[in-house]
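The values are calculated or read from the model by the stated rules, or taken from the named source; none is laboratory data. The shown structure was predicted, so the numbers you read here are calculated from the model rather than taken from an experiment. Because the Cβ atoms are built from the backbone with ideal geometry, glycine has one as well, and the counts that use them run over all protein chains shown. These accessible areas exclude ligands, DNA and RNA; they are computed on the full protein's heavy atoms, side chains included. Shrake-Rupley method; radii C 1.70, N 1.55, O 1.52, S 1.80 Å.
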Amino acid sequence: FHGIISREQADEILAGVEGAYILRESQRQPGCYTLALRFGNQTLNYRLFYDGKHFVGEKRFESIHDLVTDGLITLYIETKASEYISKMTTNPIYEHIGYATLLREKVSRRLSRTKNESRKASVTSEENAPVEKITSLVRRAALTQNDNHFNYEKAHNFKVHTFRGPHWCEYCANFMWGLIAQGVRCSDCGLNVHKQCSKYVPNDCQPDLKRIKRVYCCDLTTLVKAHNTQRPMVVDSCIREIEARGLKSEGLYRVSGFTEHIEDVKMAFDRDGDKADISASIYPDINIIAGALKLYFRDLPIPVITYDTYSKFIEAAKISNPDERLEAIHEVLMLLPAAHYETLRYLMIHLKKVTLHEKENFMNAENLGIVFGPTLMRPPEDSTLATLNDMRYQKLIVQILIENEDVLF
């Protein structure tokens, strides 16, 4: 550290010593620190930040020395191979090893309920060169060869990742360089790619059940693809149980079950998945199961009626002409992701059955709209005022969906 010195002084100190660096305090902005680094016969200046670790961009380092080492590697690679890097994404292996991969033997689906043991797949390229390692890319190709009736489109959930040891991008097959945060990894399926390559990867994520740690609070599409189901198994299990023994229960969905018991059901699903026991012998009060279903919807990181479509549904609800309003709602329904649409459709069919027993349970479409409006749709911004202003429209949307489920879906 050389204190408050100018860029010119830093340049003099570092002159002629490739890879050397110093730290200095800015003359123009005291309290701000700059890394002066000699590379390519010139002195490069980067503003330094610290939040417990040192960083210039998005990578964070324990020491300045590690930051400089990683920076020199990156600068060298990008300088010497800039033309090559710019062409990396033009002929990716992803397109060849992805859906069009030639599999000599099908990889049995590990998630299948009828097969418990997975087999190793022998994968060859178009030149018949063997691919020895079963990567997440090959695994995805194998999954597409199996019967998957619910192949909903899903974007990858990429997060910056530090790879230990040499690693290659599964999109372009090129080396990932740097000391840390060399690329990104999909936290749902494990696909490893360069950050720049992640922009070109299609929305074909096939979540790996090993990476899905829970059922509640998990993205809806991620959950159904991981379990290879049409809808979240929580929804199917709870609705099946409610329709078997609770349709005539007074105040169904309005009367609350014990919070402690609802949490027990939640933990059972998180722990046991579709094998969770929610039968009458364990939970005789049907309101506990109804409460667990509502909690599942409330805990979704993206509501069933997504943030992207929320305002469009609210605007549709404000239309005074009933026929035009119904048409507008139908158009917005078509914008929902496939898994969200299917879940909403199935729920509305169920809630319509609930209203058919209104004489016993006292729950009509309007009452259910009051209960499920805020549960199924939330405004994108966390605003209490917006939520209060929209409550009557939330209720109306769900009420219309229930009353017209046969037409809208």
Taking a probe of 1.4 Å, how large is the accessible area per residue of the stretch 7-87, in Å²? 63 Å²
Considering only the other residues whose Cβ falls under 14 Å of the Cβ of Phe39, what net charge follows from Lys and Arg at +1 and Asp and Glu at -1? -2
The answer for the per residue Cα convex hull volume of the stretch 271-398, in Å³, is 132 Å³
Within the chain, which is the longest segment containing none of the GluC sites (Glu not before Pro) that sit in a DSSP loop and have at most 12 other Cβ atoms within 10 Å? 251-380
Hey, rough spin-label estimate for Asn364 and Glu25, points 7 angstrom out along Cα→Cβ, what's it come to in nanometres? 7.4 nm
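Report, to two decimal places, the Cα Rg of the stretch 7-87 normalised by 2.2 N^0.38 Å (N = number of residues).
Working it through for the stretch 7-87, the quotient is 1.15.
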Under-5 Å amide H pairs with Glu170, H placed in peptide plane, nonlocal only: Asn192, Val193, His194
What are the membrane-span-like helices in the chain by this rule: whole DSSP H runs, Cα extent along the axis at least 30 Å, mean Kyte-Doolittle hydropathy at least 1.0? none
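Ordering Ile319, Ile402 from largest to smallest accessible area (1.4 angstrom probe), what's the sequence?
Ile319, Ile402
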Please report the carbon-and-sulfur percent of the accessible area for the chain; probe 1.4 Å, protein heavy atoms only, DNA, RNA and ligands left out. 50 percent
Accessible area in square angstrom per residue, the stretch 307-407, 1.4 angstrom probe: 50 Å²
